[in-house]
Amino acid sequence: MTRQVNLEEAQSHLPDLVEAAKHGETVIIAQDNHPVVQLTRVAPIKRHAQFGSAAGLVIMAKDFDSPLSDFHDYR
């Protein structure tokens with residue numbers, strides 16, 4: 001849905017217009033009956049994993065690569 005408002009109305013109702021845009025409505029702000037600005041919802045930014053962001057969260061045991069006692073008979 002699209003709504004057009006004049007600049008004076010936009011100045012006095014900006015929080016309401018922003019809420020409308022957040023909910024998917026397109027709001028066009030006009031000056032002298034000419035559209036000049038369009039408010040639309042911005043897609044959320046997709047964050048990518050950053051190298052090293054989990055540093056210190058994973059701890060490797062000191063005996064990680066030593067043979068397992070359960071498999072002693074198979075060696």
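Every number here is computed from the coordinates shown, using simple stated rules; none is lab data. In this text the structure is predicted, and so the values were computed from the model without any measurement. Because the Cβ atoms are built from the backbone with ideal geometry, glycine has one as well, and the counts that use them run over all protein chains shown.
What the table below lists for this structure:
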| item | result |
| --- | --- |
| Residues satisfying the stated conditions in segment 38-75, i.e. free of Cβ contacts under 8 Å to residues at least 12 places away in the same chain and surrounded by 10 or more Cβ atoms within 10 Å (Cβ to Cβ) | Pro67 |
| Subset of segment 2-32 [of a type outside the set (Ser, Thr, Tyr) and without any contact (Cβ under 8 Å) to a residue 12 or more places away in the chain] | Glu8, Glu9, Gln11, His13, Leu14, Pro15, Asp16, Glu19, Asp32 |
| Scan of segment 19-43 for residues that are of a type in the set (A, V, I, L, M) and either assigned to a helix (DSSP H, G or I) or touching a strand residue (DSSP E or B) at 6+ places or on another chain (Cβ under 9 Å) (or both), ordered by number | Ala20, Ala21, Val27, Ile28, Ile29, Ala30, Val36, Val37, Leu39 |
